[in-house]
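See structure below.
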Amino acid sequence: MMHGALTIARLTWIDARRTRIALAAFIGGLVFLAVYGTAVFFMQHSVIAPRQAHLPPLVRQATVQVLTLVGLYVANFLTLATAVMLPVDSISGEIDSGVMQTVASKPVDRAGIVIGKWLAYLAMIAVYLLLVAGGVVLLVWGMTGFLQPNLIGALPLMLLSAVVMVTLSIAGGTRFTTVTNGIAVFAFYAIAFIGGWIEQIGVRLGSSAARYIGTVISLISPSDALWRRAAHELQPPLLEQLNISPFSAVDVPSVAMVAWGVGFVIVTLLAALRTFQKRAL
């Protein structure tokens, strides 16, 4: 099965690079970095540098840190959107066009097709995340001298969040049409986003019910919880305790939530394999 899966992964990688979605995502990432780099340049030379002598070092570092987190937040969102859109048509579109009947008739079993496509899109999303998140970090470092710490701990969490969306998109394609799949997967992300806010507001207001509701929603769709854990890893303890950053979490997702994110991917991928095995082509 693995030989067939690697063959499908290679063909999917080649085909995906030619799609307009991949090109649009790449151009969108470059445009974002250009706009973000321009904003950082003017912030550094018009706001931070002129006041550097009057700003305490901790305040200056906190300002640049928040500026970096804003860029990484957008980079995370772009990666998640790309993770949804790249594979959204991969299986359902090939079934509708009749291509899948030809592929499935070759000596590659259906499990190999799903796993191969999953591996290809996982690799593409990893490259895209390194492009946009790495671009943010390098732009800030080059213009301000601030190098974001703890990237080794945060980037895998951001990648896992994107892998959740890739897996959901592929799993949806084994059952739904392309349009229905895209709407459903984006709804999963919206649910995760709302759940995160409900949980944070519940903790701030001392509402146990709101906190538990937010936690349950995060279990159903863990992508936003993984980002909040990544943001926690990126911030120094003092900045988070002062609560001056919009990314400071009053209720940080635990390591158990990270483990659940991995388990969520495995369960969803197994469900995709089962659904695709039973689907009539």
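The values are calculated or read from the model by the stated rules, or taken from the named source; none is laboratory data. All figures in this text were calculated on a predicted structure; none of them were measured in a lab. Positions of Cβ are generated from backbone atoms using ideal geometry, with glycine treated the same way; all protein chains shown enter the neighbour counts.
Points worth noting:
- Consider the stretch 151-170 and keep the residues that are of a type in the set (A, V, I, L, M, F, W, C) and over 14 Å from Ser223 (Cβ atoms). The one that is surrounded by the fewest Cβ atoms within 10 Å (Cβ to Cβ) is Ile152.
- Residue match in the stretch 65-85 (condition: at pLDDT 75 or above and more than 21 Å from the chain's Cα centre (by Cα)): no
- Note on the stretch 201-281: enclosed helices (runs of 4 or more DSSP H) holding 1 or more residues that are at pLDDT 90 or above, loosely packed, with under 13 Cβ neighbours inside 10 Å and β-branched (Val, Ile, Thr) are 255-278.
- Residue under evaluation Ile91, criteria (1) modelled with pLDDT under 80; (2) closer than 17 Å to Arg175 by Cα, criterion not met: (1)
- Screening Gly98, Gly145, Gly116 for residues that are at pLDDT below 95 and either within 18 Å of Gln277 (Cβ to Cβ) or buried (at least 20 other Cβ atoms within 10 Å of the Cβ) (or both) leaves exactly one candidate, Gly116.
- Filtering the stretch 105-118 for residues that are under 20 Å from Ile8 (Cβ atoms), out of contact with any strand residue (DSSP E or B) (no Cβ under 9 Å at 6 or more places or on another chain), without any contact (Cβ under 8 Å) to a residue 40 or more places away in the chain and among the hydroxyl-bearing types (Ser, Thr, Tyr) leaves a non-empty set.
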